There are 2 protein chains.
Amino acid sequence: MNNIGVLNVDAEAAAGWSAGLAPRAISGLTEAETAIFIAVRGAIVEQRLLPGTRLIEEELAAIYQASRMRIRRVLLALAHEGVIDLPPGRGATVACPTPDEARSVFQARRLIEVGMVEAQVGPIAPALAGVLRACCDAETEAGLVRDRARMIAASGRFHVELTRGLGNSVLVEIVSNLVGRSSLIIALFQRHPALCCRMDDHQRLLDALVAGRVKAAAGLMRAHLAAIEAGLDVAMTPTETSDLRFVLGRPDAG
Amino acid sequence: MNNIGVLNVDAEAAAGWSAGLAPRAISGLTEAETAIFIAVRGAIVEQRLLPGTRLIEEELAAIYQASRMRIRRVLLALAHEGVIDLPPGRGATVACPTPDEARSVFQARRLIEVGMVEAQVGPIAPALAGVLRACCDAETEAGLVRDRARMIAASGRFHVELTRGLGNSVLVEIVSNLVGRSSLIIALFQRHPALCCRMDDHQRLLDALVAGRVKAAAGLMRAHLAAIEAGLDVAMTPTETSDLRFVLGRPDAG
DNA sequence: AACCCCAATATTGTTCACAATCAACCTGAT
DNA sequence: ATCAGGTTGATTGTGAACAATATTGGGGTT
């Protein structure tokens, strides 16, 4: 009952959505509902809310000062997004992906993200390089301060922005979703709770892309994703969960 | 007001879901809601409900004898699935994909489906070949009878089942979604309303896969998807819509 | 004839109270 | 000590009524 802070709907959370979601409105949700969606999703993806944590409708309604009905719609959208489990009649919990799902998510990412890099010809556009450079910088900076949430957000943003640059809006939807679920998988199964994966993977990938070394870039992307997956121990079954209000709460909703 | 028949929740509709959806329950929906979801999605994907058609909550509630609240949840799920538009306050309509979305969907399909075939080594498993053969046969049979809906369903099932065999559950989710949206795109933009794409594309692709000619198979998949996209005229703006009750109705809900 | 504005209707959005269900706990027996 | 059973409280599911909003059609005007 002391998660009041993890679920802020503000600039903090805005950095969160970049970790895995396009800025446009979520289909079928109002603007207000979308804000809640983004805040909760951000907290989950940034591992401030751990897998298995229960999400009580009334608590969320109090935190966001919204009616239960709206919370319900948001929960349904989050379930479809794959970041919460929502079995009928027994409430919502932060999703606990299965080992099988973990493998499938990373296989899909290898197929899509490596393929996208391979399809590129020549160096990437300077504008895209700038965006990606900013992501790398943000990741490095967060790492120095040991800010795990910001690191995860910046790391995810790198993959999403790369997809926006090399792919299209539909691929951004897909990769955003996969990146978010990857974060859950890492939260559940990562062997050594290091702050993150090797920090310079993105940097070296970016260098190869800027230099137009497509084959090398594709290899780096494949190795990057393989390294993350290799760091998982799918036999693990952690039990720790989070305090909802502390993680999501707003100052005034204490 | 005479669509009572397009929205059946029965064997007819069951063939429909195969066109684009995994059999497992939709996350966050009850069994009953899932059945409605599958029925409506099937009607849309099989082009029995044309883009732009309005979906009135009370009409759907009457057709499926469900409360408006349940219909509402189903509509939200359909919106997230991308098969309906659901702007807040102005009701649901069968989605009208934009030309940009059309291009993006097919680019994503080329990346994923061609990549999956390329990653295959050797001939595909006999069991998978059998499933795919059945899809081809169903498609051919439906073509002889000029049953457009069944053709679309069988054609979509081919792509989904191929993904199930060569990929994994996450890729099946993704490809199912893309196949469904492709059907909407074709309904909107297809230049010559031929019954479908070249009927023997799937057959030849299957032959190459069975023979273990991976490179050839990948080329056939790429050409197949490119041919469909080439047949589109994204400048078209059709206005025809469907009668909801006629398409979705049940005999007893007349 | 085309356009704009306003009223009537249809449709969606919201709230409330209550029913149904599930989880936790406590009791008691083996 | 462990487990079965029942009871209590918390949480979710449901329905109906009402409010807000959008669409439709008509009438008037230019």
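The values are calculated or read from the model by the stated rules, or taken from the named source; none is laboratory data. Bear in mind the structure is a predicted one, so any value in this text is a computation, not a measurement. All Cβ positions, glycine included, derive from the backbone under ideal geometry; neighbour counts span all protein chains shown. Just so you know, the surface numbers come from the protein's heavy atoms only, side chains and all, with ligands and any DNA or RNA stripped out. Shrake-Rupley method; radii C 1.70, N 1.55, O 1.52, S 1.80 Å.
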* When you look at B:Ala125, is it at negative phi and open to solvent by less than 20 Å² (accessible area, probe 1.4 Å), yes or no? -> no
* To do: Specify the residue that is most open to solvent (accessible area, probe 1.4 Å); the eligible residues are those in the stretch A:149-178 that are within 14 Å of another protein chain (Cβ to nearest Cβ) and charged (D, E, K, R).
  => A:Arg164
* Filter the stretch B:166-188 for residues that are closer than 14 Å to B:Cys96 by Cα and either outside any helix (DSSP H, G or I) or of a type in the set (A, V, I, L, M, F, W, C) (or both); which is farthest from the chain's Cα centre (by Cα)? -> B:Leu188
* **Verdict on B:Ser67 being under 21 Å from B:Met221 (Cα atoms) and at pLDDT 95 or above** => no
* Asked: How about the stretch A:31-49: which of its residues are within 16 Å of DNA strand C (Cβ to nearest atom), touching a residue at least 12 places away in the same chain (Cβ under 8 Å) and either within 13 Å of chain B (Cβ to nearest Cβ) or farther than 11 Å from A:Val74 by Cβ (or both)?
  -> A:Ala32, A:Glu33, A:Phe37
* **Count - residues of the stretch B:23-41 that are more than 16 Å from DNA strand D (Cβ to nearest atom) and out of contact with any Leu (no Cβ under 9 Å at 6 or more places or on another chain)** => 2
* Report yes if B:Gly143 is at pLDDT 95 or above, in a helix (DSSP H, G or I) and small (Gly, Ala, Ser), otherwise no. => no
* **Output for the stretch A:75-113, where each listed residue is within 15 Å of DNA strand C (Cβ to nearest atom), more than 10 Å from chain B (Cβ to nearest Cβ) and touching a residue at least 24 places away in the same chain (Cβ under 8 Å)** => A:Gly91, A:Thr93, A:Cys96
* **Of all residues in the stretch A:53-69 being open to solvent by less than 30 Å² (accessible area, probe 1.4 Å) and in a loop (DSSP other than H, G, I, E, B), the one that is farthest from the other protein chains (Cβ to nearest Cβ)** => A:Thr53
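Conditions (1) farther than 22 Å from B:His80 by Cβ; (2) within 16 Å of DNA strand D (Cβ to nearest atom); (3) not in a loop (DSSP other than H, G, I, E, B), marked per residue:
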| residue | (1), (2), (3) |
| --- | --- |
| A:Ala43 | no, no, yes |
| A:Ile71 | no, yes, yes |
| A:Val74 | no, yes, yes |
| A:Gly89 | no, yes, no |
| A:Glu101 | no, no, yes |
| A:Val117 | yes, no, yes |
| A:Val121 | yes, no, no |
| A:Ala129 | yes, no, yes |
| A:Cys135 | yes, no, yes |
